[in-house]
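**Student:** Let me begin by handing over the structure; questions about it come next.
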Amino acid sequence: MTSFLQIENLHKRYRTVHALRGVNLELPGPGIYGLLGPNGAGKTTAIKLIAGLIKPTEGRIRISGIDIRDDPVRALASIGVMMEMPRFYDHLSGGDNLRVLALLSGQRDQRRADQLMDRVGLSAKAGEKVSAYSRGMRQRLGLAAALLDDPRLVILDEPTNGLDPAGIAEFRQWLPQMAHEEQRAILLSSHQMGEMERICDNFTIVSRGTIVATGKAADLAQPRTSVVFRVPDAEAALAALHDVQGITNVEVLGADRIRADSPAAPTAAINRILVNRGIDVIEITEERESLEEIFFRLVGRDHDVA
Amino acid sequence: MWREVCRVTGAEWLRARRSRATLTGLVVYVLVVGILYFTYYLAVRRSFVGIPTGFYLCGAVLSAAVTPLAFIGVLLIAFSLGREFSSGTIHLVWTRPISRLGWLGGKVLSSVIHLKSFLVLTLVIVITVAGAQFGFSSLMEKDYLIHSAGSLWWNLLLVIVLTWIALIATVSIVCVPALYIASPGVTITVCVAGGFVLQLAAGWEVLRPFLLPTYLSSPLAQFVAMSKGLPLPEEWSTLTRTCLLGSLGWMLAGWLWAAWIVKRKEVLN
């Protein structure tokens, strides 16, 4: 099966700025792919290139196997794009906006527009002019517009900006449904690390116009060396692990919790030592590097996340 | 088929829009034509030797209405193209599976059809008012001063077609600044200023045959002379050929240039 998206050696130069430098990226199949990077890293440039809004200086973009330069109309038929802060014809109603866009794409059946308004929870407001819509409602309409042509690849730039917590929760439900049930690839750019970590299957981290890392969060995380044990008596556990080989540091976190840094000793071995010394282990938590920690390790802390 | 035509021409969009501004513009235009008619009527009453005739008023008002019509053409295309960029809706349109040239063609075609409606509306208003004032039979008399009524009607039709083609050329040319500037207000200002410059340049005999305002005004001036019962300054065939070739030249130049811009245009904001 052809990749949903394939980018090869993509460069984009503006007059004085080299915004993208040899980016390679592939979205092989359905899933939610997170695009992370600091402000000015090149994320929006990459999205605009894929969406055909700007032209690459060098390199190739293939959408469902079709090169966007060779046949932009066919290539764009397989993608749906929602740019950050989506804009609409303000003097038209939300429903009419979708219907006009459907007509532009040559869709004669207007029921899809109505179904999508219903799906994004806007059917009650479909007759209202977009000028009266809140930012969250525009985001929802943007998602409906992106899905209008039933695309294989959906690109969402900051989709949860301006949404209330209930709206964010709905988005969190929709995205896995779109990816896993409807078999779409979703390229998601957002600065909400927590949300991204929860939703996305794969991540691509961009910095200064290049991709610095790509893969699943577990693969990108450094091997974890710390384990937190909940025990009845933290001081007794500290004493028990004090001179164990392979444990470099033991730290008391509270009356009933200790953290052991153990680059060499496996968690099960430490657990056995505690049990053999008569200390009941109530809970074990292996600390994993969070997405935010991965991001800052790769990109540096002197950047904003966006 | 009908839906396809609506889609291409933007008529569906206009139906969906139901804008008060559009209706207000239409009413204002009808008032402008009415004012032009009575201004000419009163002017003719004071200075014209003889009586003002229905045909003369048709020609004179159409001739005067060419400037607002050209301005409407500028407004239509400047808003139609420029607002997509200034409001950011171009993101919405250019990320859809439609060809950019098709999109541009739809915009131009929609403006041209609306302009044609304005032209026909002007004619309908003028003929109705002139007919009501002088009697419709006066527009049908066999011998109308030195030109026959039949040839007057045919030439009026020719004038309408030539004027429309020249207006299409205007719209095509305006696409270029509209796409470069991407702001309706600035585009209109630039085009109005450009229009004045072209009018001034048309005063220079050497340049006149090559300028767009000539193709807009010459057939109408000829028809006005004809409806006054004066001998014609030019052969109709020569005038038709010149106006057609000139307008088509401008139109082609406008389309090719605009198509080139649209193909290369990047949406940076």
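**Student:** Between chains A and B, what is the buried accessible area summed over both chains (1.4 Å probe, protein heavy atoms, nearest 100 Å²)?
**Tutor:** Details: alone 15070 and 14640 Å², together 26940 Å².
Buried area between the two chains comes out at roughly 2800 Å².
**Student:** For the range A:97-228, what is the convex hull volume of its Cα atoms per residue in Å³? Display every interim value, and only then the final one.
**Tutor:** Details: hull volume 20.2 nm³, N = 132.
Hull volume normalised by residue count: 153 Å³.
**Student:** I'd like the Karplus ³J(HN,Hα) series for the range B:64-74: coefficients 6.51, -1.76, 1.60, θ = phi - 60°, whole numbers in Hz, and an x wherever there's a Gly or Pro.
**Tutor:** Karplus-based 3J(HN,Hα) across the range B:64-74 equals 6, 6, 4, 5, x, 5, 5, 5, 4, x, 4 Hz.
**Student:** Now, a different point. In terms of modelled amide H atoms, which long-range or inter-chain residues lie less than 5 Å from the amide H of A:Ser207?
**Tutor:** Here A:Val212 satisfy the definition.
**Student:** Of the listed pairs A:Lys43/B:Lys265; B:Lys116/B:Lys265; A:Lys55/A:Lys129; A:Lys55/B:Lys116; A:Lys12/A:Lys216, which have alpha-carbon separations greater than 31 Å here? Intermediate results must be reported in sequence, preceding the final value.
**Tutor:** Values: A:Lys43/B:Lys265 20 Å; B:Lys116/B:Lys265 29 Å; A:Lys55/A:Lys129 33 Å; A:Lys55/B:Lys116 37 Å; A:Lys12/A:Lys216 27 Å.
The pairs that break the limit, which is 31 Å between Cα atoms, are A:Lys55/A:Lys129; A:Lys55/B:Lys116.
**Student:** Once label points are set 7 Å from the Cα along Cα→Cβ at both A:Glu128 and B:Lys263, what is their separation, rounded to one decimal in nm?
**Tutor:** Label at A:Glu128, label at B:Lys263, 4.5 nm between them.
**Student:** Here is a follow-up. Can you work out ³J(HN,Hα) from phi for every residue in the range A:97-102, in order, using Karplus 6.51 cos²θ - 1.76 cosθ + 1.60 and θ = phi - 60°, giving whole Hz and x for Gly and Pro?
**Tutor:** 4, 5, 5, 5, 5, 5
**Student:** Also, quick follow-up: Please arrange A:Glu287, A:Glu195 by accessible surface area, largest first, computed with a 1.4 Å probe and ligands excluded. Let's see the in-between values first.
**Tutor:** On the way: A:Glu287 55, A:Glu195 25 Å².
Listed by decreasing accessible area, they come as A:Glu287, A:Glu195.
**Student:** Under 25 °C and 0.890 mPa s, how fast does the range B:173-256 diffuse according to Stokes-Einstein, given a Kirkwood radius computed over C-alpha pairs? Answer in µm²/s, whole number.
**Tutor:** Working: Rh = 14.4 Å.
Once the numbers are plugged in, D ends up at 171 µm²/s.
**Student:** If I ignore ligands, DNA and RNA and count only protein heavy atoms, how much of A:Tyr133 is accessible to a 1.4 Å probe, in Å² to the nearest 10?
**Tutor:** 10 Å²
**Student:** Expressed in nm to one decimal, what extension gain is obtained for the pair A:Lys55 and A:Arg119 from 0.36 nm per residue of sequence separation less their Cα-Cα distance? Before the final figure, lay out each step's value.
**Tutor:** Numbers: separation 64, 0.36 × 64 = 23.04 nm, distance 3.34 nm.
19.7 nm is the gain from fully extending A:Lys55 to A:Arg119.
**Student:** May I ask you to rank A:Thr45, B:Thr189 by accessible area, largest first, using a 1.4 Å probe over the protein chains only? Don't skip to the end; give the middle numbers.
**Tutor:** Working: A:Thr45 20, B:Thr189 95 Å².
My answer, sorted largest first, is B:Thr189, A:Thr45.
**Student:** Accessible area, 1.4 Å probe, largest first: how do A:Arg74, A:Arg21, A:Arg297 sort?
**Tutor:** A:Arg74, A:Arg21, A:Arg297
**Student:** List every residue whose amide H lies under 5 Å from the amide H of A:Gly22, counting only residues 5 or more places away in sequence or on a different chain, with H placed 1.01 Å from N in the peptide plane.
**Tutor:** Sorted by chain and number, the residues that satisfy this are A:Leu10, A:His11, A:Lys12.
**Student:** Can you give the angle from 0 to 90° between the axis of helix B:20-47 and the longest principal axis of chain B, with both taken from C-alpha atoms, to the nearest 10?
**Tutor:** The helix B:20-47 is inclined about 30 degrees to chain B.
**Student:** Out of the DSSP beta bridges found with both residues in the protein assembly as shown, what percent are antiparallel (nearest 5)?
**Tutor:** Working: 36 of 54 bridges.
Approximately 65 percent, going by the DSSP bridge assignments.
**Student:** Tabulate in residue order the Karplus-calculated ³J(HN,Hα) for the range B:227-234, using 6.51 cos²θ - 1.76 cosθ + 1.60 with θ = phi - 60°, rounded to whole Hz; enter x for Gly and Pro.
**Tutor:** Result, rounded to whole Hz: 6, 7, x, 8, x, 7, x, 9.
**Student:** Counting only the heavy atoms of the protein chains, how much of B:Ser237 is accessible to a 1.4 Å probe, in Å² to the nearest 10?
**Tutor:** 70 Å²
**Student:** Leaving out ligands and nucleic acids, and using a 1.4 Å probe, what accessible area per residue does the protein assembly as shown come to in Å²?
**Tutor:** Values: 26940 Å² over 575 residues.
I get 47 Å² per residue for this part.
**Student:** List the extent of the Cα atoms of chain A along each of their three principal axes, largest first, rounded to whole Å.
**Tutor:** 75, 46, 38
**Student:** Here is a follow-up. Going by a 1.4 Å probe on protein heavy atoms, which residues of the range A:71-86 end up with at least 50 Å² less accessible surface in the whole assembly than in their chain alone?
**Tutor:** A:Val73, A:Leu76
**Student:** How big is the Kirkwood radius of the protein assembly as shown, worked out from every pair of different alpha carbons and given in Å to one decimal? The partial results should precede the final answer.
**Tutor:** Numbers: mean 1/r = 0.0349 Å⁻¹.
Roughly 28.6 Å, rounded to one decimal.
**Student:** Treating each Cα of the range A:1-86 as an identical point scatterer and ignoring solvent, apply the Debye formula and state log10 I(q)/I(0) at q = 0.13, 0.22, 0.27 Å⁻¹.
**Tutor:** Debye output, listed in q order: -0.40, -1.18, -1.60.
**Student:** Can I ask one more? Roll a 1.4 Å probe over the protein heavy atoms and report the accessible area of B:Trp153 in Å², nearest 10.
**Tutor:** Roll a 1.4 Å probe over it and B:Trp153 shows about 80 Å².
**Student:** Quick one: if the Förster radius is 51 Å, what FRET efficiency do B:Val28 and A:Val281 give, using the C-beta to C-beta distance and rounding to 0.05? Walk me through the numbers on the way to the answer.
**Tutor:** On the way: r = 84 Å, r/R0 = 1.65.
With R0 = 51 Å, the Cβ-Cβ based efficiency is 0.05.
**Student:** Right, here's the next one. Quick query: amide H of A:Leu187 versus all other amide H atoms, modeled in the peptide plane; which residues come in under 5 Å with a sequence gap of 5 or more or a different chain?
**Tutor:** So A:Leu187 has HN proximity to A:Tyr33, A:Val154, A:Ile155, A:Leu156.
The values are calculated or read from the model by the stated rules, or taken from the named source; none is laboratory data. Computed from a prediction, not measured in an experiment: that's the story for all the values here. Glycine also receives a Cβ, built like all others from the backbone with ideal geometry; neighbour counts cover every protein chain displayed. What goes into the accessible areas is simple: the full protein's heavy atoms, side chains included, and nothing from ligands, DNA or RNA. Shrake-Rupley method; radii C 1.70, N 1.55, O 1.52, S 1.80 Å.
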